[in-house]
1. Given Cα pairs under 8 Å that are at least 6 residues apart, what percent is the relative contact order of the chain?
2. Calculate the length of the line joining the C-alpha centroid of the range 62-93 to that of the range 21-37, in whole Å.
3. Please report, for the Cα atoms of the range 2-118, the Rg to one decimal and the Dmax as a whole number; what are they, in angstrom?
Amino acid sequence: MARALIVGCGCRGRELGTALLAEGWAVRGTSRSEAGLAAIEAARPDLVLMDIQLPGKDGFELVLEIRRSLHGATRVVALTAHAMAGDRERAIEAGFDGYIAKPIDIRRFPDQIAQQLELR
């Protein structure tokens, strides 16, 4: 079973992400960026879905921290409402492996996740 960690995204976003990944995934979540790296160490996820707008450290700071850690190869995808021109490129340049804009399109989400895992 694949493992995913959802960091941030608000309670409803984490619940929706968990529901959409229910089949074939063990999903954990945390709302706090400060717990992000510890959650990665505990969960050893195959995929991290991370909001960019987090309380405390933002997603850009946290992805940099992840890249500098022992878990630097972990696949981290921005799942964010930052959907303006150039936001995808900025996320990729900051160290995210992929980018999915919110609101989540529930019909496309499973395929978007599969695509992110294929890009490894």
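1. Averaging sequence separation for qualifying contacts and normalising by length gives 23 percent for the chain.
2. If we compute the Cα centre of each part, the gap is 16 Å.
3. Here Rg and the maximum Cα pair distance are 12.6, 35 Å.
Quick note: the coordinates plus some simple rules give every number you see, no bench work behind them. Since we're looking at a predicted model, the values are computed, not measured.
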